[in-house]
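Before any comments, here is the structure.
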Amino acid sequence: MILDLINKENDIKMIPEEKWELLAEEIREFLINKISVTGGHLGSNLGVIELTMAMHLSLDLPKDKIVWDVGHQSYTHKILTGRKDGFDNLRKFGGMAGFPKTKESDCDAFNTGHSSTSISAALGFAKARDIKKEDYTVMAVIGDGSLTGGMAYEALNNASKIEKNFIVVLNDNNMSISENVGGVSKYLNSIRTTEGYQEIKDNIFYKVLTLPNGQKIVDSIRRAKSSVKSLVIPGMYFEDMGIKYLGPVDGHNIKEMMRVIEEAKRVKGPVLIHAITKKGKGFEPAERHPARFHGAEPFDILTGLPLNSGSKAKYTDIFSTVMVKLGERNEDVVAITAAMPDGTGLKRFRNAYPERFFDVGIAEEHAVTFAAGLAAGGLKPIVAIYSSFLQRAYDQIIHDVCIQNLPVVFAIDRAGIVGSDGETHQGIFDISYLSTIPNMHVMAPKNKWELSDMIKFAIKLNKPVAVRYPRGEAYDGLEDYRQDIELGKAEMIYEESGVALFALGSMVKTAEMVRDLLHEKGIKCSLVNARFAKPIDEEMVSYLSKGHDLIVTLEENVATGGFGEKVREYMEENELDCKLLTVAIPDDYIEHGNVELLKKEIGIDAESIAQKIIRKI
């Protein structure tokens, strides 16, 4: 196999041109086979194989720098930099990450994981290069979806001022785009990037300026030039920003991509290469259902169907169902998502009530302020965003929602440990950053029924509310414990003495297992479902301190600023005579891996918690 010849960066340059297409096929087959077993981001990676090969053939890594936006499309890059053996443990604990990681390879210039960041980071590299008088190529690779994020345009605005070479590759696999106008476009792109053209252009404009009324003549020439270019160059939007536009170009044509990259490298200033690709290319199920194969679970190669679909409903499914019901009962209910109608479960709501559904693209900041405007206009907006992505809108939550005390409901999916996507996607900070905000209320359900009840309660509360819930199967235990929700009130589930487990959200299920382990040791144990991280149930804390020797708080959030810290603060201020043990995630970034394995590793699984309690008492 040709792929066997790729063992380190730049090995691809030893592969003869006539073998490039075969190498691309081998990489495509390799990725399908490996990801069908481990799971991972398949569709996006199949779409950039040839594009990535062209970049590696044209650049000198690690001297030259590639910054991948999000980075879930970097698998071919990892293969071409000698990491193909790591795919057997892709996204597993201790194994290779699914995103670029500087600690894995010098060819990974920058750690990524969230969207719309690549141009900013790459521009920083370019400016550092220029200030230090170094010589290397800097390239940002960004998808058309990521280009919906406002940060990308902030970066492009700054990039227009750079005077030395800086390349942005727009990987367009979805936008409706004009066809390449053929030879004229190619000819203009080629001529406009040659040094001779630039020198002649500068000389002409300089000489014209010395003539009488020279400035008016120059202005007229520029207006005419822009008018002609707008007829034959589809990227005038970027040109008007001061960024050279090259394309559209077939991102699956390696030679053509290399030609355009070489042209781009000659530009003194910012240049954007517009590459057209097909998400999921070469694997029919991924081409037909690109959303399903964005972040794929292990699947059958022949059918494309998941191997372990599971029979239990997920928390996202429960949220999806309650949203449709709320939409039917209340015409003021509207839903907002940031480019994730499938991932957040809002697809059914969109299909049922399209006029009340808003997908704002990858723009969480806009999503939150837009929701605030909807609320100010008399509607009941529910914003569904993953926990780690909501971090991007912290200022908007404070300034636009909570200062005005507007009734916006935040449905926070993927709260807590999410597993294989690692540090950039773990939802372990939301309790801390949301509960610092005045007027915000933070809730977490113990099971699938309570999630439904909490969303309904949040709508009726008519205030800013966040309901956080984990990824994966919804817990269906404790079905008989379904007390009405009251603001700031916890729920007593089992009342004994000795130890009181005061658990929030997903940790109620874990607390049940802890209670069973303590019973085996003859230790009496109460179990309370906290329900609210803000406001905490202070009366319940006082009550538990009188009838127990030890209160144990349990949460799937970092310790600092979390639920347990608030309980501790209340107990200290009121001098409650009871020991306290707080169980939370360490104040650290949690790497990728299986969720249960990670919980054991950081000490928030049932067995580890039981041992901590036994040592404490």
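Which pairs turn up if I take residues in the stretch 503-522 that are farther than 15 Å from residue 477 by Cα and look for partners that are open to solvent by 70 Å² or more (accessible area, probe 1.4 Å) and not acidic (Asp, Glu) with beta carbon separation below 7 Å, at least 6 apart in sequence or on another chain?
Taking only residues 6 or more apart or on different chains, the pairs are 521/614.
How many residues does the stretch 545-571 hold that are out of contact with any Leu (no Cβ under 9 Å at 6 or more places or on another chain) and of a type in the set (A, V, I, L, M, F, W, C)?
Counting residues in the stretch 545-571 that are out of contact with any Leu (no Cβ under 9 Å at 6 or more places or on another chain) and of a type in the set (A, V, I, L, M, F, W, C) gives 2.
Out of 176, 185, 190, report the one residue that is at pLDDT below 65 and open to solvent by 50 Å² or more (accessible area, probe 1.4 Å).
On the way: 185 fails: open to solvent by 50 Å² or more (accessible area, probe 1.4 Å); 190 fails: open to solvent by 50 Å² or more (accessible area, probe 1.4 Å).
None of the others qualify; the one that does is 176.
For the stretch 242-254, give me each residue that is open to solvent by 50 Å² or more (accessible area, probe 1.4 Å) and outside any strand (DSSP E or B).
Hit for the stretch 242-254 is 253, nothing else.
Could you list all residues from the stretch 306-327 that are surrounded by fewer than 19 Cβ atoms within 10 Å (Cβ to Cβ), of a type in the set (Gly, Ala, Ser) and touching a strand residue (DSSP E or B) at 6+ places or on another chain (Cβ under 8 Å)?
Residues satisfying the conditions are 310, 313.
Can you pull out the helices (runs of 4 or more DSSP H) entirely within the stretch 64-159 that have at least 3 residues that are under 19 Å from the mean Cα position of the chain (by Cα) and surrounded by 21 or more Cβ atoms within 10 Å (Cβ to Cβ)? Before you say what the answer is, go through the steps one by one.
Values: elements: 75-80, 118-131, 150-159.
The helices (runs of 4 or more DSSP H) meeting that bar are 118-131.
For the stretch 46-56, does any single residue satisfy the condition of being touching a strand residue (DSSP E or B) at 6+ places or on another chain (Cβ under 9 Å), surrounded by fewer than 23 Cβ atoms within 10 Å (Cβ to Cβ) and over 25 Å from residue 593 (Cβ atoms)?
Checked the stretch 46-56: no residue is touching a strand residue (DSSP E or B) at 6+ places or on another chain (Cβ under 9 Å), surrounded by fewer than 23 Cβ atoms within 10 Å (Cβ to Cβ) and over 25 Å from residue 593 (Cβ atoms).
Please verify whether residue 552 is farther than 18 Å from residue 429 by Cβ and hydrophobic (A, V, I, L, M, F, W, C), treating the condition exactly as stated. Please lay out each step first, then the result.
Values: farther than 18 Å from residue 429 by Cβ: yes; hydrophobic (A, V, I, L, M, F, W, C): yes.
Taking the combined requirement at face value, the residue satisfies it.
This table checks each residue for (1) open to solvent by 30 Å² or more (accessible area, probe 1.4 Å); (2) modelled with pLDDT of 95 or more; (3) of a type in the set (Lys, Arg); (4) not in a loop (DSSP other than H, G, I, E, B).
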{"residue": "436", "(1), (2), (3), (4)": "yes, yes, no, no"}
{"residue": "442", "(1), (2), (3), (4)": "no, yes, no, yes"}
{"residue": "452", "(1), (2), (3), (4)": "no, yes, no, yes"}
{"residue": "457", "(1), (2), (3), (4)": "yes, yes, no, yes"}
{"residue": "478", "(1), (2), (3), (4)": "no, yes, no, no"}
{"residue": "483", "(1), (2), (3), (4)": "yes, no, no, no"}
{"residue": "496", "(1), (2), (3), (4)": "yes, yes, no, no"}
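Assess whether residue 398 counts as being out of contact with any Leu (no Cβ under 8 Å at 6 or more places or on another chain) and open to solvent by 40 Å² or more (accessible area, probe 1.4 Å).
On the way: out of contact with any Leu (no Cβ under 8 Å at 6 or more places or on another chain): yes; open to solvent by 40 Å² or more (accessible area, probe 1.4 Å): yes.
In short, yes.
Does the stretch 33-63 hold any residues that are out of contact with any His (no Cβ under 8 Å at 6 or more places or on another chain), in a loop (DSSP other than H, G, I, E, B) and not hydrophobic (A, V, I, L, M, F, W, C), and which are they?
Result: 39, 47, 60, 62, 63.
Scan the stretch 107-122 residue by residue and report those that are among the small types (Gly, Ala, Ser) and in contact with a strand residue (DSSP E or B) (Cβ under 6 Å, 6 or more places away or on another chain). Working first, answer last.
Within the stretch 107-122, the subset among the small types (Gly, Ala, Ser) is 109, 113, 115-116, 118, 120-122.
Hits for the stretch 107-122 are 109, 118, 121, 122.
Against the condition modelled with pLDDT of 95 or more, of a type outside the set (Val, Ile, Thr), open to solvent by less than 40 Å² (accessible area, probe 1.4 Å) and closer than 30 Å to residue 102 by Cα, how does residue 416 come out, does it pass? If you could, list the steps in order and put the result at the bottom.
Numbers: modelled with pLDDT of 95 or more: yes; of a type outside the set (Val, Ile, Thr): yes; open to solvent by less than 40 Å² (accessible area, probe 1.4 Å): yes; closer than 30 Å to residue 102 by Cα: yes.
So residue 416 fits the description; yes.
Would you check if there is a residue in the stretch 23-45 being among the aromatic types (Phe, Trp, Tyr), without any contact (Cβ under 8 Å) to a residue 60 or more places away in the chain and open to solvent by 20 Å² or more (accessible area, probe 1.4 Å)?
In the first step, residues of the stretch 23-45 are kept if they are among the aromatic types (Phe, Trp, Tyr); the result is 30.
Those left that are additionally without any contact (Cβ under 8 Å) to a residue 60 or more places away in the chain: 30.
With the extra rule that they be open to solvent by 20 Å² or more (accessible area, probe 1.4 Å), the set shrinks to 30.
Yes.
Could you list all residues from the stretch 255-314 that are under 25 Å from the mean Cα position of the chain (by Cα), of a type in the set (A, V, I, L, M) and not in a strand (DSSP E or B)? Explain how you work it out, then say what you get.
Within the stretch 255-314, the subset under 25 Å from the mean Cα position of the chain (by Cα) is 272-281, 283, 285-299, 304-310, 313-314.
In the following step, the residues that additionally are of a type in the set (A, V, I, L, M) were identified as 272-273, 275-276, 286, 291, 296, 305, 307, 313.
286, 291, 305, 307, 313, listed by residue number.
In the set 503, 511, 474, which member is under 27 Å from the mean Cα position of the chain (by Cα) and either at pLDDT below 95 or open to solvent by less than 10 Å² (accessible area, probe 1.4 Å) (or both)?
Details: 503 fails: under 27 Å from the mean Cα position of the chain (by Cα); 511 fails: under 27 Å from the mean Cα position of the chain (by Cα).
After ruling out the rest, the residue left standing is 474.
Residues in the stretch 378-430 that are within 18 Å of residue 294 (Cα to Cα), without any contact (Cβ under 8 Å) to a residue 60 or more places away in the chain and not basic (Lys, Arg): how many?
Total satisfying the criteria: 2.
The values are calculated or read from the model by the stated rules, or taken from the named source; none is laboratory data. Because the structure is predicted, anything quoted here is derived from the model rather than measured. No Cβ is skipped: glycine too gets one built from the backbone with ideal geometry, and neighbour counts run over all protein chains shown. Just the protein is used for accessible areas: all its heavy atoms, side chains included, with ligands, DNA and RNA removed. Shrake-Rupley method; radii C 1.70, N 1.55, O 1.52, S 1.80 Å.
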